[in-house]
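The block underneath contains the structure these notes are about, expressed in structure tokens.
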Amino acid sequence: MPTKKNSLNKVIVTGATGFVGQNLIPKLLDSNYKIIAIGRNKKKAKRFKWFKKVEFIEMDIRKNNKKILVTNKTGLIHLAWEGLPNYDSKIHLENYNFSYEFIKSLVAKGLKQVLITGTCFEYGLKNGLKKSNMKTYPHNNYSYSKDLLRKHVHKLRKKFLFSFQWARLFYFYGKGQNENSLLPQLEKAIKKKDKIFNMSMGMQIRDYLNVTEVVQQIISLYSSQKAGVFNICSGKPITIKKLIKNKIKEKNSKIKLNLGYYPYNDYEPMSFWGEKDIDRWTK
């Protein structure tokens, strides 16, 4: 929660209508932040209850940011990123370029705080517990571009005075998630009363967190103003099979799992989870 001293801070949120953004903004409003929400589709933004409570700017940050006014009490939470789930798309390299130029232009105007969401894929293909101080080994265009952005924005601090936070996201689910993702597909199958749900063997070990908890950790980190690289995760490893079975039980469904229908993905390690960092910025 922001203190009285910083309760009127303005926060620029890019990717406002995306999965994280649409869940983050109402929680920021609850914490008394004034929001400048940026998105490319005003019509989509109007669907959300928070629309009339923010200053919404319809724009493509790849082309223009002249509409954004910055004061010494303005910060940025940069979520905008295209191209997922195609992790090897060249668009990720373009995302790096326009994100860097956008952020550089804002800190040059006097922006005092920058939080950017990264990805657990920056850790590479090694199995096991992932700590935020570990060396990164990006292995596809998505993780490489994110890692490059982190390094280059960090270097900007030699020229401009601002606090920099890198929030490395693991796996998350919840309201607003892409309907082609695993859990939304399962929920759709349950609603259709399908008898079978096709999936992999499900023995991958992952770190999953509901998006409501993800945004709470992001806000807590942002409000702390503590600089550094941090994991946004549960810290609790779980197999995909167990995750799916829990959801089926929660929905009181009798759907059966067709294990092994899909092969395992080759762009992620078989077993990895994060060390939960929230205590590092709340102490």
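Here is how the numbers come out for the structure above:
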item: Selection from Phe98, Ser145, Gly110 lying farthest towards where the dipole of segment 80-163 points positive, charges on Cβ; result: Gly110
item: Mean Cβ count within 10 Å, highest first, over the residues of peptides 249-258, 202-211, 157-166, 139-148; result: 139-148, 202-211, 157-166, 249-258
item: Centre separation in Å (Cα based) which lies between segment 161-183 and segment 186-234; result: 8
item: Cα long-axis angle, helix 91-109 against the chain (0 to 90 degrees, to the nearest 10); result: 30
item: Within the accessible area of the chain (1.4 Å probe), percent carbon and sulfur; result: 50
item: For segment 231-283: lysine pairs under 27 Å (alpha-carbon distance), excluding those fewer than 8 apart on one chain; result: 23
item: Probe 1.4 Å, protein heavy atoms only - accessible area per residue of the chain in square angstrom; result: 54
item: Segment 55-134: equivalent-ellipsoid semi-axes (sqrt of 5 x gyration tensor eigenvalues, Cα, Å); result: 28, 17, 10
item: Segment Lys109-Glu58, extension gain: residue separation times 0.36 nm, minus the distance between their alpha carbons; result: 16.3 nm
item: In degrees, nearest ten, helix 240-250 long axis to first principal axis of the chain (Cα); result: 80
item: Bridge type composition, the chain - antiparallel percent by DSSP, nearest 5; result: 5
item: Nonlocal Lys pairs with alpha-carbon distance under 26 Å, segment 149-226 (8 or more apart, or different chains); result: 10
item: C-alpha long axis of helix 141-156 to longest principal axis of the chain, angle in °; result: 20
item: Spherically averaged projected area in nm², based on the convex hull that wraps the Cα atoms of the chain; result: 15.1
item: Sum of -39500 (n - 2.57) over DSSP H runs of 4+, divided by residues of the chain (222 nm, nearest 500); result: -10000 deg cm²/dmol
item: Globularity index of segment 1-156, i.e. its alpha-carbon radius of gyration over 2.2 N^0.38 Å; result: 1.07
item: GNM flexibility winner over the chain from Lys226, Lys52, Lys242 (Cα, springs under 10 Å); result: Lys52
item: Nearest-0.05 FRET efficiency for Lys254 and Leu84, computed from C-beta distance (R0 25 Å); result: 0.15
item: Long-range amide H partners of Gly128 with built H, under 5 Å; result: Ser271, Phe272, Trp273
item: Under-5 Å amide H pairs with Thr119, H placed in peptide plane, nonlocal only; result: Leu169
item: 5 angstrom amide H check on Gly75, placed H, neighbours 5+ away; result: Lys10, Val11, Ile12
item: For segment 101-183, Kirkwood radius (reciprocal of mean inverse C-alpha pair distance, Å); result: 14.5
item: Taking the C-alpha atoms of segment 30-72, convex hull volume expressed per residue in Å³; result: 84
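The values are calculated or read from the model by the stated rules, or taken from the named source; none is laboratory data. In this text, all values refer to a predicted model and were calculated from it rather than measured experimentally. Ideal geometry is used to build each Cβ from the backbone, glycine not excepted, and the neighbour counts take in all protein chains shown. Surface areas here come from the heavy atoms of the whole protein model, side chains and all, with no ligands, DNA or RNA. Shrake-Rupley method; radii C 1.70, N 1.55, O 1.52, S 1.80 Å.
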